[in-house]
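Every read-out reported here was derived from the displayed coordinates using simple, explicitly stated rules and does not represent laboratory data. Nothing here was measured: the structure is a model prediction, and the numbers come from that model. Ideal geometry is used to build each Cβ from the backbone, glycine not excepted, and the neighbour counts take in all protein chains shown.
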Amino acid sequence: MGRSLLVIDDEAITRSHLRLIFQADGYEVVPCESAEDGLREIAERGFSAVLCDVKLAGMDGLAFLTWVREHHPEVPVVTITAFGTIENAVAAMRQGAADYVTKPFGADEIRIVVERAIERGELKNEVVRLRGEIERRYAFGSIVSRSPAMFRVFEMIRTVADTDSTVLVTGETGTGKEMVARSIHFNSLRKAAPFVAINCGALTETLLESELFGHEKGAFTGAVRRKEGRFEAAHRGTLFLDEVACMPPPMQVKLLRVLQDGEFERVGGTQPVRADVRVIAATNQALADLVGSGRFREDLYYRLNVVPIYLPPLRERPEDIPTLALYFLSHYRKQFGREADAYSDRALEQMLRYRWPGNVRELKHVIERGVLLSRGPVIDALDLPKEAGPIADAADSRGAAATAQPLREYLRDCERRYYTALLRRHEGNVTRALAEARIPSKTFYRRLHAVGLDPRLLRG
Ligand SMILES: Nc1ncnc2c1ncn2[C@@H]1O[C@H](COP(=O)(O)OP(=O)(O)OP(=O)(O)O)[C@@H](O)[C@H]1O
Ligand SMILES: [Mg+2]
């Protein structure tokens with residue numbers, strides 16, 4: 001696409017002078033005699049740059065500049081000021097003009113100024129674009145995993161984030177349900193609005209109702225003024241209903257109504273209130289069973305379960321155990337200023353044999369304690385409760401079979417599976433695989449070699 005230039009000047013002679021110069025350079029030039037005309041043009045189509053006189057009848061150049069900076073920040077604006085009015089140029093630069101020229105100007109001078117403004121603008125847009133790309137790529141930066149089951153969860157988050165579908169996140173305690181809910185919110189178009197969380201299991205029925213829906217002044221003793229509830233607080237954002245299975249039946253009816261009609265009443269109120277809210281619910285109980293035994297409304301269950309996301313327990317994705325342990329280690333060693341940056345085989349074996357009833361949260365706490373108490377570069381042993389059975393007791397879990405192998409072989413196998421999946425996803429393209437894995441290329445090739453993988457074999 002060729003370059004295009006919007007020229008705004010009330011002097012016909014300057015307009016035709018500029019048109020000649022830039023048309024000769026291959027620009028498409030659109031001349032306007034007022035800022036108002038300029039606004040119409042720029043609202044219609046894109047320009048590589050704008051050249052604008054500061055002193056104009058009607059809307060002046062500075063007001064125009066301010067409008068463009070706000071609505072089309074990607075378009076650089078060069079201002080034209082009359083000789084002897086340098087203060088106008090200074091004001092324009094303060095308001096974000098890319099550059100300025102003073103009348104009278106030579107053809108070469110204005111060419112250079114405009115070209116430089118466009119190039120700088122392109123560079124800046126490129127930086128913005130790259131930053132956006134990095135955010136997208138690292139959108140799951142805080143959810144660490146190398147397990148295929150969790151990759152499917154990431155895929156799901158990406159797919160549903162931009163919709164308003166209700167999501168039901170299930171999984172045992174500590175598997176990362178709230179993290180997933182936040183990730184959906186912060187990857188969605190609602191990310192600038194609030195993410196509001198409420199734990200339905202921690203409040204009595206009366207409190208829960210006034211927390212969710214708010215109350216009017218005088219609704220009950222102590223309601224000295226109107227208070228808005230979490231639904232209103234989450235307007236245009238996301239409401240996270242944690243432990244939704246604990247919601248008492250009368251509240252289930254009210255929740256169903258909001259989900260269906262987007263309407264509710266504050267406690268003690270008669271006026272319906274509307275809020276634009278996306279709901280994500282979570283539970284660590286088998287909601288379908290509660291429906292079966294009549295403790296959870298079936299209609300509400302279907303309303304909530306539009307998009308189900310299930311987080312497997314840690315013992316069913318043992319390849320995540322060393323990964324998460326290393327991730328938490330690097331976090332806590334910085335926080336506590338410890339030198340530890342590796343685990344002994346013994347510590348790794350302990351981790352892999354343990355059942356982790358508290359899942360990732362428990363692992364996080366165990367590592368925190370381990371790092372805090374560590375002496376020296378290697379964490380030799382972890383302080384794990386004895387009463388929970390070893391992973392090998394869980395006959396049904398994949399972890400059981402996995403840890404039956406000698407530890408080194410098992411880890412090697414995990415790593416091999418990880419790198420194979422990674423390279424497959426990128427069709428053997430190492431550059432892209434490295435970008436996703438975020439590890440130095442030296443380490444990458446060393447690990448590939450160690451597990452006996454050749455990226456060339458995974459191409460195509
Ligand atoms: N994949 C992961 N990567 C990094 N941190 C994780 C991951 N999964 C969970 N965590 C961490 O573990 C802790 C528990 O996660 P979270 O609160 O999301 O779990 P939960 O499923 O909501 O638990 P509960 O049912 O007990 O409320 C948090 O500190 C979270 O940061
Ligand atoms: Mg939680």
**Q.** segment 4-134: antiparallel DSSP beta bridges as a percent of all, rounded to 5
**A.** 0
(Q) I'd like the orientation of helix 12-24 relative to the chain: the angle between its Cα long axis and the longest Cα principal axis, in ° from 0 to 90, rounded to 10. (A) 60
Q: Please sort by residue number the chymotrypsin sites (Phe, Trp or Tyr not before Pro) in segment 17-51 whose DSSP state is loop and whose Cβ has at most 14 other Cβ atoms within 10 Å.
A: none
Q: Go through segment 319-332 residue by residue and turn each phi into a ³J(HN,Hα) via Karplus (6.51, -1.76, 1.60, θ = phi - 60°); whole Hz please, and just put x for glycine and proline.
A: 5, 7, 5, x, 4, 5, 4, 5, 4, 5, 4, 5, 5, 6
Q: Report, by chain and number, residues whose modeled amide H sits under 5 Å from the one on Ser4, excluding near sequence neighbours (fewer than 5 apart, same chain).
A: Glu28, Ser48, Ala49
Q | Estimated FRET transfer efficiency (Arg257, Ala435; beta-carbon r; R0 30 Å; 0.05) | A | 0.05
Q: Report the relative contact order of segment 4-134, percent, no decimals, based on alpha-carbon pairs under 8 angstrom and at least 6 residues apart.
A: 21
Q: Tell me the label-point distance for the pair Met59, Thr443, using the 7 Å Cα-to-Cβ offset, in nm and rounded to one decimal.
A: 5.2
Q.
Calculate the FRET efficiency for Gln285 and Glu122 from the Cβ-Cβ distance with a Förster distance of 51 Å, rounded to the nearest 0.05.
A. 0.40
(Q) Which residue, Thr443, Leu208, Leu384, has the largest displacement toward the positive end of the dipole of the chain when charges sit on each Cβ (Lys, Arg +1; Asp, Glu -1)? (A) Leu384
**Q.** Straight-distance crosslink candidates among lysines, where the alpha carbon sits under 17 Å from Lys217 and sequence neighbours closer than 8 are dropped
**A.** Lys227
Q | For the chain, share of DSSP beta bridges that run antiparallel, in % to the nearest 5 | A | 10
**Q.** Where Rh is the Kirkwood radius over Cα pairs, Rg/Rh for the chain
**A.** 1.11
Q | For segment 443-451, Karplus couplings with θ = phi - 60° (6.51, -1.76, 1.60), whole Hz, Gly/Pro x | A | 4, 4, 5, 5, 5, 4, 4, 4, 9
(Q) Nearest 10 degrees is fine. How inclined is helix 249-261 to the longest principal axis of the chain, computing both from alpha carbons? (A) 30
Q) Whose amide H sits under 5 Å from the amide H of Ala223, counting only residues 5 or more places off or on another chain, with H placed in the peptide plane? A) Gly218
**Q.** Per-residue [θ]222 nm for the chain (sum of -39500 (n - 2.57) over DSSP H runs n ≥ 4, rounded to 500)
**A.** -15000 deg cm²/dmol
Q: Can you tell me the relative contact order of the chain? Whole percent, Cα pairs under 8 Å, sequence separation 6 or more.
A: 11
Q. What nm distance separates the two modelled labels at Val224 and Ala421, each placed 7 Å from Cα along Cα→Cβ?
A. 5.6
Q: Taking every pair of Cα atoms in segment 4-134, average 1/r, invert it to obtain the Kirkwood radius, and report Rg/Rh to two decimals.
A: 0.95
Q: Using the number of other C-beta atoms within 10 angstrom as an exposure proxy, rank Trp356, Trp67 with the fewest first.
A: Trp67, Trp356
Q) If you stretched the chain out fully between Asn199 and Glu74, how much longer would it get, using 0.36 nm times the residue separation minus the C-alpha to C-alpha distance? A) 40.7 nm
Q | Whichever lysines have a C-alpha closer than 26 Å to that of Lys442, once near sequence neighbours (fewer than 8 apart) are set aside | A | Lys334
Q) When the Karplus curve 6.51 cos²θ - 1.76 cosθ + 1.60 is applied with θ = phi - 60°, which whole-Hz ³J(HN,Hα) does each residue of segment 185-195 get, with x for Gly and Pro? A) 4, 6, 9, 9, 5, 8, 4, 7, 8, x, 9
Q | Coil-residue trypsin sites (Lys or Arg not before Pro) of segment 5-61, DSSP, other Cβ within 10 Å capped at 12 | A | Arg45
Q.
Just to confirm the number: angle between the C-alpha axis of helix 61-71 and the first principal axis of the chain, 0 to 90 degrees, nearest 10?
A. 20
Q. For segment 221-283, which trypsin sites (Lys or Arg not before Pro) are both in a DSSP coil and crowded by at most 15 other Cβ atoms within 10 Å?
A. Arg225, Arg226, Arg236
